[in-house]
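Chemist: Below is one structure. I have some questions about it.
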Amino acid sequence: MNRLLRGYGFDATLFESAGDLLRHGNFDTAICIVLDIDLDGISGIDVRRILTEQGVTAPVIYITGNDSPANRAAALGSGCLAYLPKPFTAESLIGTIERAGIS
């Protein structure tokens with residue numbers, strides 16, 4: 001992910017865990033946040049909810065290797081910018097990030 005994003009000119013910050021992301025606290029310059037639906041011990045949807053409660057307004061793109069109607073509905077219901085089931089093309093992710101930067 002890091003190599004892909006940097007290859008398209010994005011300055012990406014990757015986190016080892018949901019906890020590391022939540023403790024980061026500096027999202028002022030984030031174009032968007034890319035979250036996996038299934039994180040270690042917590043869902044990406046729950047992480048998004050916590051970030052929103054903390055005042056983070058950056059749009060969210062969900063990626064998942066566990067596509068299901070329930071996951072899709074929950075992700076879309078959370079107001080995400082995009083929901084990308086794996087495998088997804090680089091262009092679909094990059095295009096969505098570019099749209100986030102325009103908004």
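The values are calculated or read from the model by the stated rules, or taken from the named source; none is laboratory data. On a predicted model such as this, the values are computed, not experimentally measured, just so you know. Please note: Cβ atoms are built from the backbone with ideal geometry, for glycine as well, and neighbour counts cover all protein chains shown. These accessible areas exclude ligands, DNA and RNA; they are computed on the full protein's heavy atoms, side chains included. Shrake-Rupley method; radii C 1.70, N 1.55, O 1.52, S 1.80 Å.
Chemist: Could you point to the residue in 41, 85, 25 farthest towards the positive end of the stretch 18-103's charge dipole, with +1 and -1 charges on the Cβ of Lys/Arg and Asp/Glu respectively?
Modeler: 85
Chemist: For residue 39, list long-range residues whose amide hydrogen, built 1.01 Å from N in the peptide plane, is under 5 Å from its own amide hydrogen.
Modeler: The answer is 44.
Chemist: Taking amide H positions as placed 1.01 Å from N in the peptide plane, with prolines and chain starts having none, which residues 5 or more places from residue 84, or on another chain, fall under 5 Å of its amide H?
Modeler: 62, 63, 64
Chemist: I'd like the Kirkwood hydrodynamic radius of the chain, using the inverse of the mean 1/r over distinct C-alpha pairs, in Å. Before the final figure, lay out the partial values.
Modeler: On the way: mean 1/r = 0.0719 Å⁻¹.
One decimal place: 13.9 Å for the Kirkwood radius.
Chemist: Quick one: accessible area per residue over the chain, 1.4 Å probe, rounded to a whole number of Å²?
Modeler: Values: 6130 Å² over 103 residues.
Accessible surface, normalised per residue, equals 59 Å².
Chemist: Roll a 1.4 angstrom probe over the protein heavy atoms and tell me the percent of accessible area of the chain that is carbon or sulfur.
Modeler: Here carbon and sulfur together make up 51 percent of the probe-accessible area.
Chemist: Output ³J(HN,Hα) for the stretch 73-83: one whole-Hz value per residue in order, computed from phi by the Karplus curve 6.51 cos²θ - 1.76 cosθ + 1.60 with θ = phi - 60°, and x for Gly and Pro.
Modeler: 4, 5, 5, 5, x, 7, x, 5, 6, 7, 10
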